[in-house]
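The values are calculated or read from the model by the stated rules, or taken from the named source; none is laboratory data. Not measured: the values here are computed from a predicted model. A quick note on method: Cβ atoms are made from the backbone with ideal geometry, for glycine too, and the neighbour counts reach across all protein chains shown.
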Number of protein chains: 4
Amino acid sequence: MSLSVGVIGLGYFGPHLARNVASGRETKLVAIADRDPARRALFTAQYPWAKVYDDGLALIADPSIDAVVIATPLFTHAELTRAALAAGKHVLVEKPMAPSVAECEELVAHAERVGRVLMVDHTLLYKDSVRKMHELIAGGALGRVLYVDAVRINLGLFQPDTNVIWDLAPHDVSILDLILTQTAGATPRWVSAVGVSHYGTHENLAYLTIGYDGSLLAHVHVNWVAPVKTRRITIAGTRRMLVWDDTAPVEPVKLYESSVDVARIDKQHAYELNIQYRTGDIVAPKLDGREALAGVISTFAAAALRGEPSPSDAQAGLRVVRILEAAQRSLADGSARVSL
Amino acid sequence: MSLSVGVIGLGYFGPHLARNVASGRETKLVAIADRDPARRALFTAQYPWAKVYDDGLALIADPSIDAVVIATPLFTHAELTRAALAAGKHVLVEKPMAPSVAECEELVAHAERVGRVLMVDHTLLYKDSVRKMHELIAGGALGRVLYVDAVRINLGLFQPDTNVIWDLAPHDVSILDLILTQTAGATPRWVSAVGVSHYGTHENLAYLTIGYDGSLLAHVHVNWVAPVKTRRITIAGTRRMLVWDDTAPVEPVKLYESSVDVARIDKQHAYELNIQYRTGDIVAPKLDGREALAGVISTFAAAALRGEPSPSDAQAGLRVVRILEAAQRSLADGSARVSL
Amino acid sequence: MSLSVGVIGLGYFGPHLARNVASGRETKLVAIADRDPARRALFTAQYPWAKVYDDGLALIADPSIDAVVIATPLFTHAELTRAALAAGKHVLVEKPMAPSVAECEELVAHAERVGRVLMVDHTLLYKDSVRKMHELIAGGALGRVLYVDAVRINLGLFQPDTNVIWDLAPHDVSILDLILTQTAGATPRWVSAVGVSHYGTHENLAYLTIGYDGSLLAHVHVNWVAPVKTRRITIAGTRRMLVWDDTAPVEPVKLYESSVDVARIDKQHAYELNIQYRTGDIVAPKLDGREALAGVISTFAAAALRGEPSPSDAQAGLRVVRILEAAQRSLADGSARVSL
Amino acid sequence: MSLSVGVIGLGYFGPHLARNVASGRETKLVAIADRDPARRALFTAQYPWAKVYDDGLALIADPSIDAVVIATPLFTHAELTRAALAAGKHVLVEKPMAPSVAECEELVAHAERVGRVLMVDHTLLYKDSVRKMHELIAGGALGRVLYVDAVRINLGLFQPDTNVIWDLAPHDVSILDLILTQTAGATPRWVSAVGVSHYGTHENLAYLTIGYDGSLLAHVHVNWVAPVKTRRITIAGTRRMLVWDDTAPVEPVKLYESSVDVARIDKQHAYELNIQYRTGDIVAPKLDGREALAGVISTFAAAALRGEPSPSDAQAGLRVVRILEAAQRSLADGSARVSL
């Protein structure tokens, strides 16, 4: 059994998703849609067997299609997803799911009601390095996580209609959701954000802080005006520490045999903390090299065909937008902590 | 004419300061003081000509001494500085100047009243790489500064009686004071800080945000529980950007011919921003290799002997402590912005 | 006017060459050939307008074709090139031109006789970083070149029918030809090579030394059994030095303001050398990012249509093979120096 | 029982050796000697208890001394070592032992005859990273070693009276002696060297190739005219590979789970090699941080006091000079292979 998939939107991400649908073991590319005739012509030549639509809603209405991939601009996500679910299709939508929590909640409820899969393309969760990082954390290699520090900066393409938080932070927030919330059961309690706009009206630099129960803290630096492209996440745990450097040409994940050992010592009937450091080998684990989007598509197919779980399912997509929206509110309110 | 100097405290920094006093062109090491007999014996062997005291106040009372270097624990700075100024000595004190703004203000006023130099050993300001960075910014190489992002993290020695802000942030805050306040006239308006304590009661991880007029922002990450030692400051300007990496074995300063060019374009009578990127050569300027502490001592001597200015004078030292104290208050108040 | 081109061989390099022929400003992709029906089908779908041949000689016989690109295994280069020249076509052939100096000389003479362009795809010469390196050297930035040290190593794909010299060294030898012979007029005088075969019969590790007039020396390390992929060329000159690191994710070319200054000093009527070092800024020049193969194709078109020069023309291709063949002879003769 | 040691020569290495003698658990610094009154005064202040001599031979004649450390220029090594052995002292001499094989052989024989320890200060053998590398190889982590590639280059201090081989290669040749000859029993059979002198008469750039039995090869690049300081040794084995980067600020030793697997496969009654690659984790082992010279001195003491073995004993020192002298002969003979 395989999933008949239509891809809507052939701009930047759409073609890569279409290619992986076409080459997927359990997926068939049966239709494509784009408003631009030149894009339609280009991909008709590449996938001559696929039906071609100039409108996403028309593709959605095609009864031969089981599932749709929505790779259109953010402001269209909700309308297209709603229509696709109403037509009984499974949906994989580009990240973020929708521009507001209210819309996401509506879509999540809709998907549950009709019993269809709604999944978000948080691509990084399917990258070999992130899967390895997740595997290590889930296996207990780090012990209990103490903090996560993420940096995602570059001299980047300003997005005309959004700020750097909505553009870059979904990547890191989806990873936080996977490794802290899904894996360790940590619930984010508040978000604070500070940012500045040096050009125009949208923030091009922002720092997000996310507070969890206990002393767990996550911090994300996103920036479109930085001289050196950096994509780095540092995670410290009680047993080990880990750095993921997504721009490193080799050894993107490094596991450090470093930790702080603390003991309560009874010194003349007054307890005192004895803090010591442990450093040891550094290991760069071998990765499997599998393309992230291939994993996105195969996970989507497994969810639609057999109900298998996905790290970027509808609830995860909603949780990510909750944090983005809270950060936006904090920005507008002088960095006040916004409860979740 | 040369300055007769006594050094109080022969622990970690004192010996380095004493060595540079002894080898300075305009300074003579005439006395040393330490409570520990073993330290006194060690440095008596090294500087047999210097008088030796077991008490800092006794050294201060020595009429043959023009100036004292105070390299003792933070809680003793105010008392020793006060005594030295009262005895008519010039004072170079380890950073930070004192643990509170109130004490710093009192010492600054005292020094002005008695007409003596009070200078703080913000050593990094005298490092060749920081001097080069300052020279580039002061010369206009970056244009107007947009933001400063500082990272100072490592698996470090927990200080038993203070938190990571008071331990590590003085370095970065003193550099911010030099390149933003002294050089560009930018006044810090508020400070916000978030931090956590994973072991014991003092924060081992903290993020500081400092707001200036206009859209200028500075952010400092200090951390004792990080796997990779990092000392990096990134500065973006309207014309160029700069990265200072103090752990790089070569090329610690890099100047990037990168910037954002923005133009207001009249599009059918509605103005629209046209944002473009410029990237170009990267230059790692040659540094002079001079030891930072030699510069500290020669600047101190020039200030004491001839009234020459210093980037870490009493007012600068006070401004640094103002920011540290405000950060501490913000920490205690749920990261609220504390006005300066 | 544009050049009608047929591409023979659709294995590894052929498809990239075909794509650049198809998108070239002065070239048209009019025919493709491959023995494998699956490859033909794949590229027919991509270039539906191109004629398809199952045999290179049949493509060569097509009178509508002005020029052929030969991207077939090395042992077929001579026969196909010979046939194409005989049919009056211009030829761009994969590197190296042919497996022996004798065959290369015959092909060079043939091309001259029939007045057609014969060019070799020494791709690296057209890479932005190599063009920048060449521009700097040709412009005198380095002064007189003292030596070139090249390292091209990795855990690589053993070639079943050749050794590491014929596989990897053509890249570096073609660059030496450009920057030393073409640009500076330096003539290689001898080659020495040492190598070992740890698996099977072909050398998987080799060091080549190439001697030029004066004290100019080039050295090339090629290796299929190395843990870290390295592609680095260091060039020292009398005025400056340069390092090209083709695996660096950023700043692949670095120009060092470093040199040795030497002066003859008359010391008590005996001359003595006074040697001093000069170090200064390091500059990473901005590159233009243009794809190398686009430059190969446009240079080929310019040569065929207007007789413009090429850094990898037939004579250059021959000079490269002369050095490879001499290295092979040296290997067989206990590393003896083989004159050129 | 402890060893009473005199140090002759207080130039560059002498003071470091004296400091480690003074702080050694089994050594006492009892005397120092230097021809320069200023150096004598400086170290008298530091070691007021030590006897001071203006002449090495006078120190050697002192009956209260058990052992001497000779840290004088190379041309004096033989005379001073000879005198010290004749006076019944144990000797630790700076590397290389002496400028010729003949002199080394004489000194080795002399030491054996008088039953005294003669050890060479091949300091790198005692560095924590080299000890770890040796431990891994001796423990079989790499399997059988296939080749060693060493690079030791920088913009360096030209030595006025020697070439770059005698200046820099002793380091790498002593490491080759330890890990190939002492540990794996591999005997060097021939040496070939090529070099050039761009300034003056001594070679400032040289490549050495050392052939062993089987297909084992070592190659050393030494260079005083290179823009980037590099100290790197790559070792490939049948099971794993290792890189030692002595300039890396962290992780100087990396162990690669990379190898080539080869199998003879019977293909239609003809055997064919099936070559495959294996890559895996990369491990940077934790090092102990112990100062190399402390290990030199404690090993010397253990050899003198208890006859314990040393990796840089007289025979090792002689083997190193054998290779250097052969390289020198090869240089003079057009890179011909010189048998050992």
* To do: Check C:ALA263, C:ALA226 and return the single one that is among the small types (Gly, Ala, Ser) and at pLDDT 95 or above.
  => C:ALA226
* Mind checking which strands (runs of 3 or more DSSP E) fall wholly inside the stretch B:186-265 and carry at least 2 residues that are closer than 30 Å to A:LEU255 by Cα, of a type in the set (Asp, Glu) and facing another protein chain (nearest Cβ under 10 Å)? => none
* Asked: Can C:GLU291 be described as surrounded by fewer than 17 Cβ atoms within 10 Å (Cβ to Cβ) and in contact (Cβ under 8 Å) with a residue 40 or more places away in the chain?
  -> yes
* Asked: If you check every pair at least six apart or on different chains, which have Cβ atoms under 8 Å apart with a residue in the stretch D:185-209 that is at positive phi first and a residue that is in a strand (DSSP E or B) second?
  -> D:GLY200/C:VAL262; D:GLY200/C:LEU273; D:GLY200/C:ILE275
* Structure fact -> Among residues of the stretch A:138-165 being assigned to a helix (DSSP H, G or I) and surrounded by 22 or more Cβ atoms within 10 Å (Cβ to Cβ), the residue nearest to the other protein chains (Cβ to nearest Cβ) is A:VAL164
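Could you check the stretch C:307-334 and list, in sequence order, the residues that are of a type in the set (Ser, Thr, Tyr) and at pLDDT below 95?
none
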* Structure fact -> B:LYS286 meets each of (1) surrounded by fewer than 20 Cβ atoms within 10 Å (Cβ to Cβ); (2) more than 10 Å from chain A (Cβ to nearest Cβ); (3) in contact (Cβ under 8 Å) with a residue 40 or more places away in the chain with one exception, condition (3)
* Quickly run through the stretch C:155-209 and pick out the residues that are touching a strand residue (DSSP E or B) at 6+ places or on another chain (Cβ under 7 Å) and aromatic (Phe, Trp, Tyr). => C:PHE158, C:TRP190, C:TYR199, C:TYR207
* Is there a residue being basic (Lys, Arg) and within 25 Å of A:GLY280 (Cα to Cα) anywhere in the stretch D:179-200? -> no
* Look through the stretch D:290-340, keep the residues that are under 16 Å from the mean Cα position of the chain (by Cα) and acidic (Asp, Glu), and return whichever of them is nearest to D:LEU92 (Cα to Cα). => D:ASP313
* To do: Scan the stretch C:16-68 residue by residue and report those that are among the β-branched types (Val, Ile, Thr) and in contact with a helix residue (DSSP H, G or I) (Cβ under 8 Å, 6 or more places away or on another chain).
  => C:VAL21, C:THR27, C:ILE32, C:VAL52, C:ILE60, C:ILE65, C:VAL68
* Structure fact -> Among B:GLU251, B:GLU272, the single one that is charged (D, E, K, R), at pLDDT below 95, over 30 Å from B:PRO99 (Cβ atoms) and crowded, with 19+ Cβ neighbours inside 10 Å is B:GLU251
* Just give me the residues in the stretch B:31-50 being over 18 Å from B:LEU293 (Cα atoms) and away from chain D (no Cβ under 14 Å), in sequence order. => B:ALA31, B:ALA33, B:ASP34, B:ARG35, B:ASP36, B:PRO37, B:ALA38, B:ARG39, B:ARG40
* **Filter result for B:ARG116 (at pLDDT 95 or above, touching a helix residue (DSSP H, G or I) at 6+ places or on another chain (Cβ under 7 Å) and not in a helix (DSSP H, G or I))** => yes
* To do: State all residues of the stretch B:208-247 that are more than 20 Å from the chain's Cα centre (by Cα) and under 30 Å from A:LEU142 (Cβ atoms); if no residue qualifies, say none.
  => B:VAL225, B:ALA226, B:PRO227, B:VAL228
* When you look at A:THR123, is it among the polar types (S, T, N, Q), surrounded by fewer than 23 Cβ atoms within 10 Å (Cβ to Cβ) and under 13 Å from the mean Cα position of the chain (by Cα), yes or no? -> yes
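Yes/no matrix, rows are residues, columns are (1) crowded, with 20+ Cβ neighbours inside 10 Å; (2) among the acidic types (Asp, Glu); (3) touching a His at 6+ places or on another chain (Cβ under 9 Å):
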| site | (1), (2), (3) |
| --- | --- |
| A:LEU180 | yes, no, no |
| A:SER192 | yes, no, no |
| A:HIS198 | yes, no, no |
| A:THR201 | no, no, no |
| A:TYR207 | yes, no, yes |
| A:TYR212 | yes, no, no |
| A:HIS219 | yes, no, yes |
| A:PRO227 | yes, no, no |
